[in-house]
Amino acid sequence: MKRWLFLCVCLWANQGFAVSASFVVQGTLVLSPCVLPPEASQIEVDMGNWSQETFAVSETGPAVPFVIHLEECYPEVASTAEVSFNGQSTVENTDVLSLDTSSTATGIGIAISGQDGRTITLNRGVYAWRLASGVNDIPLQAQVIVVSDTVQPGTYSATVNFTLSYP
């Protein structure tokens, strides 16, 4: 009897159970309006050295140009690129980027503007640029702006994230 039971268990175990099912994979392959090369995703802007006397309260320093470099743009996919900037603003002026905590200078911030000189509002504004086929350099500017009656000279840096969108 034990042999018979053992033989039945072995035969049953070899039979196994199989279940068949199917699934559907779907999505959309899209053509990206532009490519942001990896080396263009971190932009460093050298603001240079300025004398404390260069600035007066509520005045800006000279505009320092920089660009966001895009490649392989297809205006037939999207005719416009919009850039928005997100970062910590100063308490005194919500349009001005505050300095990083490693900065030793105080009383200043950084304003970002388009080539027309109009400040781009942090955390809610956009700068629109009409795209051409191929390579596009979106021209922008950064400026030091005094935000306090007391300016302390020293080193400074500020960090802002940018987002590209294609309406």
Working only within segment 123-153, note down all residues that are closer than 16 Å to Ile68 by Cβ, hydrophobic (A, V, I, L, M, F, W, C) and touching a Ser or Thr at 6+ places or on another chain (Cβ under 9 Å). Val126, Ala128, Trp129, Leu131, Leu140, Ala142
Here is a check on your reading of the model: is Thr80 touching a Gly at 6+ places or on another chain (Cβ under 7 Å), surrounded by fewer than 17 Cβ atoms within 10 Å (Cβ to Cβ) and β-branched (Val, Ile, Thr)? no
Answer yes or no: is there a residue in segment 59-68 that is among the charged types (D, E, K, R), exposed (fewer than 14 other Cβ atoms within 10 Å of the Cβ) and either touching a helix residue (DSSP H, G or I) at 6+ places or on another chain (Cβ under 6 Å) or part of a loop (DSSP other than H, G, I, E, B) (or both). yes
Which members of segment 79-109 meet the condition of being free of Cβ contacts under 8 Å to residues at least 60 places away in the same chain, outside any loop (DSSP other than H, G, I, E, B) and β-branched (Val, Ile, Thr)? Thr106, Ile108
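Just name the residue that is farthest from Glu72 (Cα to Cα) out of those in segment 154-167 that are in contact with a Ser or Thr (Cβ under 8 Å, 6 or more places away or on another chain) and surrounded by 12 or more Cβ atoms within 10 Å (Cβ to Cβ).
Here the residue is Gly154.
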Might you check whether a residue that is in a loop (DSSP other than H, G, I, E, B) and of a type in the set (A, V, I, L, M, F, W, C) occurs anywhere in segment 133-146? no
Restricting attention to segment 110-133, the residues that are in contact (Cβ under 8 Å) with a residue 12 or more places away in the chain, exposed (fewer than 14 other Cβ atoms within 10 Å of the Cβ) and either within 14 Å of Val144 (Cα to Cα) or of a type in the set (D, E, K, R) (or both) number exactly 3
What do you reckon, is Val144 over 17 Å from the mean Cα position of the chain (by Cα) and among the β-branched types (Val, Ile, Thr)? yes
So which residues in segment 93-105 are surrounded by 15 or more Cβ atoms within 10 Å (Cβ to Cβ) and more than 20 Å from the chain's Cα centre (by Cα), if there are any at all? Asn93, Ser103, Ala105
Could you say whether any residue in segment 121-132 is part of a loop (DSSP other than H, G, I, E, B) and over 19 Å from the mean Cα position of the chain (by Cα)? yes
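Just so you know, all these numbers are worked out from the coordinates, no wet-lab data involved. None of these values were measured; they are calculated from a predicted model. Reconstructed Cβ throughout: ideal geometry from the backbone, glycine too, with neighbour counts over all protein chains shown.
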